[in-house]
Every structure is written in C-alpha cells, then in structure tokens.
C-alpha cells in the first residue's frame, strides 16, 4: 500500500522568503548598532564648535602657553599640544580675542579700509638662535646710521643706513618700560613695527602699526601684559 504524506512540500518562493527575512532583520540590527556606536563616538567639540574650549594649552619650544582659541588665526593651529609655531591677534587696546571676521563686499571695501586696531603675535620655537636682546645689542648697531639720536619722550629713534638689509626701517628703543622695535616707514601703506622677546624655548614676535609709537608706553605695556597672560604655569 502506498502512503502519502499529509504535508505538501514548500514552494521555492516560500523557502527564499524564509531565508531572506532573517538576513534583512540581521542587517537592520547591525545598521542600528553601527549608528549607535557612531553617535556615541562622534566628537561633540571642535575649534569652531559651540562647545570649543575658551583656551588651549599649547607647547612651543618646550614652553607652555594658554592661548585663547578665538585669537588663533589659522584653524589648522587650533589644537592643544606641541606646535612649532602659532599665530594670533588681539584687539587693541582691550587685548581681547577678536570676534568673527566681517564679510567684505565690493560695496563695503572702502568703508572697511580703517586703521588697524589689532596687535599681531607669532610664537615660534627659537632652536637656540640668536636672542632678540643679542641682536639688538650686537647686530643692529652695525647697520645703524652713526648720527647721534636724542630721546623724545623717553623713546630713541635711529635710522638704518640705506645700504644695509634694513635700509627702509628705523630702530626704536626705550628703557622704562623696556622696548625695542624695528619699524618700516610710512609709504603707500602705513609703517609697521616688529618687537621681539624670548620666553623659555620660544620667541614672541609682536607686530603693530608704527603710529602707535606716539603712545609708545601703552604699546610696550600691552605687550608685557599679553606675554604674562599667555604664559602657562611655570614648571
């Protein structure tokens, strides 16, 4: 006697569906897991983000500085840790970090040409190069005009000779408060001054308009304050 089974065999479509459903469910679960991990690990801070730290600890030439994040001019430099060089600017005379730069259009470019209201600062590892004090004492005098200079309001100005590498500049110096600066002369663009000082393994180079020397004590004291404010804990 022939016996027939009471159940009929599954069709190919039914078998395929039975295999696909677990795969789809597994893929969906894996995608959810990946999305959850990405959400948990995604950084919520950044130099330009709302939660960016106000200050960054930065080591230049082995010397620690605490730098306002918004004062750092280049986004690539807005991170903590060792750096070879870092560039900043501050509003003057408040010495506050600047806000977001204003967008300049063709219609507003003339109105945007206003006096410089910032002091610029570069901090770089000196790698045992000649110190700013040594250059002022031993190098610059070789190139200065030998004509006697009389201090005016405590500030002495001497011209560099035209046949020297600094032929388009003048040298300013004062004792109290201490200030040395090389300044270009006013021409098609306003003259700018460069004043340097050494802090540990780093050289600080300040740049500011020559016109500020009419109130040179204020400029010198501003650079002193910035140097003290930016210096991190001394080890």
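Per 0.36 nm of contour for each residue apart, how much would the distance between residue 188 and residue 79 grow if the chain were fully extended, relative to their Cα-Cα spacing?
Length difference between fully extended and current span is 35.5 nm.
Between residue 148 and residue 87, 0.36 nm times their residue separation minus their Cα-Cα distance comes to what?
Taking residue 148 through residue 87 to full extension adds about 18.3 nm, to one decimal.
Values quoted throughout were computed directly from the atomic coordinates according to the rules given, and no laboratory measurement underlies them. Computed from a predicted structure; not experimentally measured.
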